[in-house]
Amino acid sequence: MSGLKRPNEKHLMLFSGRAHPDLASEIAALMNVEIVPTRAITYANSEIYVRFEESVRGSDAFVIQSHAAPVNEWTMEQLIMVDALKRASAKRITVVAPFYPYARQDKKHRGREPISARLISDLFRVAGANRLMSVDLHAAQIQGFFDGPVDHLWALPVLSDYLSTKYDTSEMTVVSPDAGRVRLADMWTDKLNSSLAIIHKRRDPNVVNTVAIHEVVGEVEGRVCLLVDDMIDTAGTICQAAEALKSRGAKAVIAAATHPVLSGPAVDRLKATEFEEVIVTNTLPIPEERRFDTLTVLSIAPLIARAIREVFEDGSVTSLFDGQS
């Protein structure tokens, strides 16, 4: 009997949705934990069914799902997984969403608009989640939408460590592609001990996903310019920013972003723009046909694995970023 788990003994269990199984498998391997076998079916009418093949009673459950397109399908799958865990008597349920869905809808810009990022948090909570974990939220205020602990992880150490080993950061200028990313760019300058530049732009409110670049504030001529953002979606902003930097004499332009959404024309735009390198993490899956020569994909799995371990052992997730701004 000594080898049996006591009913009140804490035990960690990992679960993976179907959006990005490779990331979940890498996290599991780093933690030396098996992903719980799960039967997941999408019926002909698009409804989703989930059943776990092992008992989850009393477990500390971590449900990993990346919210790539189709976002609604993978969000619903994760909600159903959380509901199944709650009904199967998991002791604590943590939603691990490396790329938080609907994060850009974090406030009302005009009347009669939703705050969808808040709705997502409410849905996870009602489904049975006790905790959320995500990487580089588009807006820090999203942490306050969930009624419970939120572990906000930063990809900055992963990306900056790679850059520091490959480039001479003393001749680098960190560039914010718009005013909204200045705080992020400022964190990068502290990390790399580099100078800062800002691109001022104005969006056309009548046209989706288009921007007009106006001016570059800061010294970029003859410099290696590092454009930083939390995500690359259709790549319109970052490609226009790169062109503006090159037209003002930048020696080279590098892009670094956490989330490679890469929607629609993104890949063609990135390939057609003079980037020295485009550096992202694998918070979202990138199919082989969406990859290109100047793309570098760094793994976020070690960071998430360490964070999950800290949460499970009641340690400090903040300690993973000691020394960061």
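Could you say which residue among 117, 97 is surrounded by 20 or more Cβ atoms within 10 Å (Cβ to Cβ) and either touching an Asp or Glu at 6+ places or on another chain (Cβ under 8 Å) or assigned by TED's automatic domain parsing to the domain that holds residue 259 (or both)?
Selected residue: 117, the only one of 117, 97 that is surrounded by 20 or more Cβ atoms within 10 Å (Cβ to Cβ) and either touching an Asp or Glu at 6+ places or on another chain (Cβ under 8 Å) or assigned by TED's automatic domain parsing to the domain that holds residue 259 (or both).
Select from region 8-25 the residues that are over 13 Å from residue 58 (Cα atoms) and out of contact with any helix residue (DSSP H, G or I) (no Cβ under 8 Å at 6 or more places or on another chain) and list them in ascending order.
Listed by number, the residues that qualify are 20, 21, 22, 24, 25.
Looking at region 213-241, which of its residues are in contact with a His (Cβ under 6 Å, 6 or more places away or on another chain) and acidic (Asp, Glu)?
215, 230
Given the structure, is residue 55 of a type in the set (Ser, Thr, Tyr) and surrounded by 13 or more Cβ atoms within 10 Å (Cβ to Cβ)?
Working: of a type in the set (Ser, Thr, Tyr): yes; surrounded by 13 or more Cβ atoms within 10 Å (Cβ to Cβ): no.
The answer is no for residue 55.
One line per residue, one yes/no per condition, for (1) within 25 Å of residue 186 (Cβ to Cβ); (2) more than 18 Å from the chain's Cα centre (by Cα); (3) of a type in the set (S, T, N, Q):
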| position | (1), (2), (3) |
| --- | --- |
| 230 | yes, no, no |
| 285 | no, no, no |
| 299 | no, no, yes |
| 310 | no, yes, no |
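Collect the residues in region 175-196 that are outside any loop (DSSP other than H, G, I, E, B), touching a strand residue (DSSP E or B) at 6+ places or on another chain (Cβ under 8 Å) and free of Cβ contacts under 8 Å to residues at least 40 places away in the same chain, keeping them in residue-number order.
Correct list: 179, 182, 189, 192, 195, 196.
Can you tell me how many residues in region 270-314 are outside any loop (DSSP other than H, G, I, E, B), without any contact (Cβ under 8 Å) to a residue 12 or more places away in the chain and in the same structural domain as residue 100 (by TED's automatic domain parsing)?
First, the residues of region 270-314 that are outside any loop (DSSP other than H, G, I, E, B): 270-272, 277-281, 288-290, 295-298, 301-312.
Adding the requirement that they be without any contact (Cβ under 8 Å) to a residue 12 or more places away in the chain leaves 288-289, 310.
Checking the rest, the ones that are also in the same structural domain as residue 100 (by TED's automatic domain parsing) come to 310.
Final tally of qualifying residues: 1.
I need every pair where a residue in region 108-119 that is part of a helix (DSSP H, G or I) has its Cβ under 8 Å from the Cβ of a residue that is of a type in the set (Phe, Trp, Tyr), sequence separation at least 6 or different chains.
Going by the 8 Å Cβ cut-off, the qualifying pairs are 116/102; 117/100; 117/102; 117/145; 118/145; 119/102.
Give me a count of the residues in region 245-269 that are in a helix (DSSP H, G or I), surrounded by fewer than 22 Cβ atoms within 10 Å (Cβ to Cβ) and in contact (Cβ under 8 Å) with a residue 24 or more places away in the chain. I'd like the intermediate steps shown before the answer.
Initially, region 245-269 is screened for residues in a helix (DSSP H, G or I), giving 245-247, 266-269.
Now narrow it down to the ones that are surrounded by fewer than 22 Cβ atoms within 10 Å (Cβ to Cβ): 246-247, 266-269.
Filter again for in contact (Cβ under 8 Å) with a residue 24 or more places away in the chain, leaving 246, 266-267, 269.
Number of matching residues: 4.
Is it the case that region 90-109 has a residue that's modelled with pLDDT under 95 and of a type outside the set (D, E, K, R)?
Checked region 90-109: at least one residue is modelled with pLDDT under 95 and of a type outside the set (D, E, K, R).
Among the residues of region 270-295, how many are surrounded by 18 or more Cβ atoms within 10 Å (Cβ to Cβ) and either among the hydroxyl-bearing types (Ser, Thr, Tyr) or in contact with a Phe, Trp or Tyr (Cβ under 6 Å, 6 or more places away or on another chain) (or both)?
Of the residues in region 270-295, 4 are surrounded by 18 or more Cβ atoms within 10 Å (Cβ to Cβ) and either among the hydroxyl-bearing types (Ser, Thr, Tyr) or in contact with a Phe, Trp or Tyr (Cβ under 6 Å, 6 or more places away or on another chain) (or both).
Given the criterion over 24 Å from the mean Cα position of the chain (by Cα) and among the small types (Gly, Ala, Ser), identify the matching residue among 84, 69.
84
Filter region 161-174 for residues that are farther than 20 Å from residue 215 by Cβ, touching a helix residue (DSSP H, G or I) at 6+ places or on another chain (Cβ under 8 Å) and not in a helix (DSSP H, G or I) and give the result.
172
Output the number of the condition that residue 79 fails; it satisfies all remaining conditions of (1) of a type in the set (A, V, I, L, M, F, W, C); (2) in contact (Cβ under 8 Å) with a residue 40 or more places away in the chain; (3) surrounded by 24 or more Cβ atoms within 10 Å (Cβ to Cβ).
(3) is the only condition that residue 79 fails.
The values are calculated or read from the model by the stated rules, or taken from the named source; none is laboratory data. Keep in mind it's a predicted model, so treat the numbers as computed, not measured. As a convention, Cβ positions derive from the backbone with ideal geometry for all residues, glycine included, and neighbour counts pool all protein chains shown.
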